[in-house]
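K.L.:
I have a structure here, written as structure tokens, and I will follow up with some questions on it.
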Amino acid sequence: MKVAYVCADAGVPIFGTKGCSIHVQEIVRAFLQRGDTVDLYVARIGGDAPSDMVDCRVREFRSVKHASVSEREAAGQEIARRIAHAIPMQRYDLVYERYSLWSDMTQILAGRNSLAGRRNVASILEVNAPLIDEQQSHRELMDRASAERIALNAFQHAQTTVAVSHEVADYVRRFCRREAGICLSSVHVVPNGVDVNRFHPDVAPIDASDDFTIGFVGSLKPWHGVESLIAAFIRFVEAYPQSRLKIIGDGPMRDALERSVDERSSAADGRIKLAGSVSPDQMPSQLASLDVAVAPYLKSKGFYFSPLKVYEYMACGLPVVVSETGQLSTLIDHGSNGLLYEPGNVDQLLKALVRLVESTELRKKLGQAARTTVVRRHSWQHCLDRILNDSACTMA
């Protein structure tokens, strides 16, 4: 099958190291492992292609930097149009697009009722987040009306829409009902996945230690709840001094977290390490240095994430402790393949960590079950197979 992969979002460098970049690479890799040919049409490359993607044809449509928000938004729309019109639709069996804020033309030209669609070119729109709300809340959005019009066009025209969580799927459906009174029937939920061959329990560790090591991986943003993990660990280390907390990743809260660590109890002196960002190829070895992995998300309305890090923890056979929110509530079967606790409840998080440090047997049982869960249901190949099976595609 010949696939055109489209990402018109300049904030997603397809060969970068961000979580969104890894997601692009893994979906492309899953296509390649099927034996498909993939051409990429993107707004930003952002680095060198991984060795197994060097044969992919890549066309980049970069924009010059603009000082004002309105200029950046107009440029984003123009880049998306240029990408769509540059794709020779009839050469492909499938046009697969990662939804971006200013892109609708690709789905108009490849989606339902298009000439390409009538000639059996399939189109899939992958939606990872409610981007309009994200942009409004966390960055800047001037022309919301255009963003909503573009989103509606993309959702309406896509032959199949795939969302990474039920919360994202519900957002798409509500949006279409609110904006146009349309009921979309072709929105399918396929959670994220993990490369189970790269992330596995037998990887040699980096930064190994005899200390009981609790770890977190992710961008350091407020909703990740890392402060609550630090608070729990400071109490934990008083009872279990031969332990450490390893925080892997970087982000806007790093300075505040470092100050918080410096101001805390002396019992944790030197026991909390902010390791910073690591390259994707080092991540399996970093996870191999952990005894327990935590995803301490705070409670938030409409938690819509499908966290890559939790799947990676599980693939490495780590016992996981995660807050009971959103998709995590169903991914983790409490006491079977991990432990759940009430979001933001430091006492419950501490109790879970104590259970794990006290029982090697429990850690082994949870880690093995976690690995089994993702191997059976959440490999990237499994994810792509579900996407293609749920779509209207006829696979070549």
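K.L.:
Just to be sure I understand the filter: pairs with C-beta atoms under 7 Å, separated by 6 or more residues or on different chains, first member in the stretch 363-377 and under 12 Å from Gly335 (Cα atoms), second member surrounded by fewer than 17 Cβ atoms within 10 Å (Cβ to Cβ) and not β-branched (Val, Ile, Thr). Which pairs pass?
P.N.:
So the pair list comes out as Ala369/Ser336.
K.L.:
Then there's this: Can you work out which of the residues in the stretch 139-162 that are among the aliphatic types (A, V, I, L, M) and part of a helix (DSSP H, G or I) is farthest from Tyr99 (Cα to Cα)?
P.N.:
Result: Ala145.
K.L.:
Mind listing whichever residues of the stretch 204-217 are under 24 Å from the mean Cα position of the chain (by Cα) and open to solvent by 30 Å² or more (accessible area, probe 1.4 Å)?
P.N.:
Pro205, Ile206, listed by residue number.
K.L.:
Does Gln135 meet the test of being polar (S, T, N, Q), open to solvent by less than 10 Å² (accessible area, probe 1.4 Å) and under 21 Å from Tyr171 (Cα atoms)?
P.N.:
no
K.L.:
Within the stretch 89-113, work out how many residues are part of a helix (DSSP H, G or I), among the polar types (S, T, N, Q) and closer than 21 Å to Ile387 by Cα. Talk me through it step by step, then tell me what you get.
P.N.:
Kept after step one, since they are part of a helix (DSSP H, G or I), are these residues of the stretch 89-113: 89-91, 105-110.
Those left that are additionally among the polar types (S, T, N, Q): 90, 106-107.
Still in the running and closer than 21 Å to Ile387 by Cα: 106-107.
Looking only at that region, the number is 2.
K.L.:
So Tyr297 passes all but one of these: (1) touching a residue at least 60 places away in the same chain (Cβ under 8 Å); (2) part of a helix (DSSP H, G or I). Which condition number does it fail?
P.N.:
(2)
K.L.:
Out of the residues in the stretch 195-223 that are of a type in the set (Ser, Thr, Tyr) and modelled with pLDDT under 95, state the one that is nearest to Phe31 (Cα to Cα).
P.N.:
Of the residues in the stretch 195-223, the ones of a type in the set (Ser, Thr, Tyr) are 209, 213, 219.
Those left that are additionally modelled with pLDDT under 95: 209, 219.
Numbers: Ser209: 38, Ser219: 27 Å.
Out of the qualifying residues, it is Ser219.
K.L.:
Which residues, counting only those in the stretch 48-70, are open to solvent by less than 90 Å² (accessible area, probe 1.4 Å), without any contact (Cβ under 8 Å) to a residue 40 or more places away in the chain and of a type in the set (Ser, Thr, Tyr)?
P.N.:
Passing the criteria: only Ser68.
K.L.:
Follow-up question, since we're still on this one. How about the stretch 30-47: which of its residues are out of contact with any helix residue (DSSP H, G or I) (no Cβ under 9 Å at 6 or more places or on another chain) and loosely packed, with under 15 Cβ neighbours inside 10 Å?
P.N.:
Gly35
K.L.:
Can you tell me how many residues in the stretch 71-88 are more than 13 Å from Leu40 (Cα to Cα) and open to solvent by less than 60 Å² (accessible area, probe 1.4 Å)?
P.N.:
Looking only at the stretch 71-88, we keep the residues that are more than 13 Å from Leu40 (Cα to Cα), and these are 71-82, 85.
Subset that is open to solvent by less than 60 Å² (accessible area, probe 1.4 Å): 73-77, 79-80.
Going through the stretch 71-88 one residue at a time, the tally reaches 7.
K.L.:
Only one of these is in contact with a strand residue (DSSP E or B) (Cβ under 6 Å, 6 or more places away or on another chain) and open to solvent by 10 Å² or more (accessible area, probe 1.4 Å): Leu298, Leu245, Leu229, Leu274. Name it.
P.N.:
Leu274 is the lone residue from the list that is in contact with a strand residue (DSSP E or B) (Cβ under 6 Å, 6 or more places away or on another chain) and open to solvent by 10 Å² or more (accessible area, probe 1.4 Å).
K.L.:
Against the definition (within 19 Å of the chain's Cα centre (by Cα) and in a strand (DSSP E or B)), how does Val28 come out, yes or no? Reasoning before the result, please.
P.N.:
Details: within 19 Å of the chain's Cα centre (by Cα): yes; in a strand (DSSP E or B): no.
So Val28 fails the test.
K.L.:
If you check Thr37 against the conditions, is it within 29 Å of Lys221 (Cα to Cα) and of a type in the set (S, T, N, Q)?
P.N.:
no
K.L.:
Out of Asp250, Asp291, I need the residue that is at pLDDT 95 or above, surrounded by 15 or more Cβ atoms within 10 Å (Cβ to Cβ) and touching a strand residue (DSSP E or B) at 6+ places or on another chain (Cβ under 6 Å). Which one?
P.N.:
Values: Asp250 fails: at pLDDT 95 or above.
It is Asp291.
The values are calculated or read from the model by the stated rules, or taken from the named source; none is laboratory data. Given the structure is predicted, the values throughout are model-derived calculations rather than measurements. Every residue, glycine as well, gets a Cβ built from its backbone with ideal geometry; the counts of neighbours run over all protein chains shown. To get the accessible areas, we keep the full protein, side chains included, count just its heavy atoms, and leave off ligands, DNA and RNA. Shrake-Rupley method; radii C 1.70, N 1.55, O 1.52, S 1.80 Å.
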